[in-house]
Amino acid sequence: MSKKDLIPGIIDDLRAEFGDAVLESKSYAGDQITRIELNRIHEVCQYLKQKHHFVYLVDLLGTDRFTAEDRFEIIYHMISLKTGARLFIRTWVPEENPVVPTVTDIWAGANWNEREVWDMFGIRFEGHPDLRRIFLPEDFEYHPLRKEFPLLGIPGSFSLPTTTPDSQ
């Protein structure tokens, strides 16, 4: 049985275990992408690790869908080291109060990924042990990967070094 043949069984198991929390599942470019209800995402990730051995969280990332409802998306890319199966789980997050439960208690390696998503998109991870900015200063008011952020930045938001070698 190939790795890709395992995925439909895993998705069927998720549907049996979590019912309507599995909102959609589709194949794209040879990978399976499954959308999970936001309030059940932590539970589903924990189940996938315990039951299906998805012990390796390859990546966790955010995107700005720039839509009126459920503006943001969090994507979890994981691999089962037992079977080699690869799975993408995603959840949509509203623009108002964008909060997602942390998965650092499931995969410790999610720590920096969640901090990066917080820094770049402003999506909070509830229960994160150290949610602070990872690239930008703590007092920076903006989240630069949001679609409405100006391409040239916000004038005056950063004090930049001078462009001439002799100026102080």
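Within segment 119-143, work out how many residues are under 20 Å from Arg71 (Cβ atoms) and open to solvent by less than 40 Å² (accessible area, probe 1.4 Å).
Within segment 119-143, residues that are under 20 Å from Arg71 (Cβ atoms) and open to solvent by less than 40 Å² (accessible area, probe 1.4 Å) number 7.
Being in contact with a helix residue (DSSP H, G or I) (Cβ under 7 Å, 6 or more places away or on another chain), closer than 16 Å to Val103 by Cβ, touching a residue at least 40 places away in the same chain (Cβ under 8 Å) and open to solvent by 30 Å² or more (accessible area, probe 1.4 Å) is the requirement here; does His42 meet it? First the steps, then the outcome.
On the way: in contact with a helix residue (DSSP H, G or I) (Cβ under 7 Å, 6 or more places away or on another chain): no; closer than 16 Å to Val103 by Cβ: yes; touching a residue at least 40 places away in the same chain (Cβ under 8 Å): yes; open to solvent by 30 Å² or more (accessible area, probe 1.4 Å): yes.
Answer is no for this residue.
Can you confirm whether Ala16 is among the small types (Gly, Ala, Ser), part of a helix (DSSP H, G or I) and over 21 Å from Gly127 (Cα atoms)?
For Ala16, the condition - among the small types (Gly, Ala, Ser), part of a helix (DSSP H, G or I) and over 21 Å from Gly127 (Cα atoms) - is met.
Look through Asp105, Asp64, Asp59 and report the one residue that is farther than 25 Å from Ser27 by Cβ and charged (D, E, K, R).
Sole residue among the options that is farther than 25 Å from Ser27 by Cβ and charged (D, E, K, R): Asp105.
Keeping to segment 45-77, report how many residues are open to solvent by 60 Å² or more (accessible area, probe 1.4 Å) and not aliphatic (A, V, I, L, M).
9
Please work out if Leu81 is modelled with pLDDT under 95 and out of contact with any Asp or Glu (no Cβ under 7 Å at 6 or more places or on another chain).
So Leu81 passes the test.
Being of a type in the set (A, V, I, L, M), at pLDDT below 95 and open to solvent by 90 Å² or more (accessible area, probe 1.4 Å): is that true of Leu151 here? It would help to see each step written out before you state the result.
Working: of a type in the set (A, V, I, L, M): yes; at pLDDT below 95: yes; open to solvent by 90 Å² or more (accessible area, probe 1.4 Å): yes.
Yes, satisfied.
Where residues in segment 1-39 are of a type in the set (Val, Ile, Thr) and closer than 17 Å to His77 by Cβ, which of them is most open to solvent (accessible area, probe 1.4 Å)?
As a first pass, look at segment 1-39 and keep what is of a type in the set (Val, Ile, Thr): 7, 10-11, 22, 33-34, 36.
Add one more test, that the residue is closer than 17 Å to His77 by Cβ, and what stays is 7, 10-11, 33-34, 36.
On the way: Ile7: 11, Ile10: 13, Ile11: 7, Ile33: 36, Thr34: 0, Ile36: 1 Å².
Ranking the candidates gives Ile33 first.
The values are calculated or read from the model by the stated rules, or taken from the named source; none is laboratory data. Note that the structure is predicted; figures quoted are calculated from it, not measured. Because the Cβ atoms are built from the backbone with ideal geometry, glycine has one as well, and the counts that use them run over all protein chains shown. Surface accessibility is based on the protein's heavy atoms, side chains included, excluding ligands, DNA and RNA. Shrake-Rupley method; radii C 1.70, N 1.55, O 1.52, S 1.80 Å.
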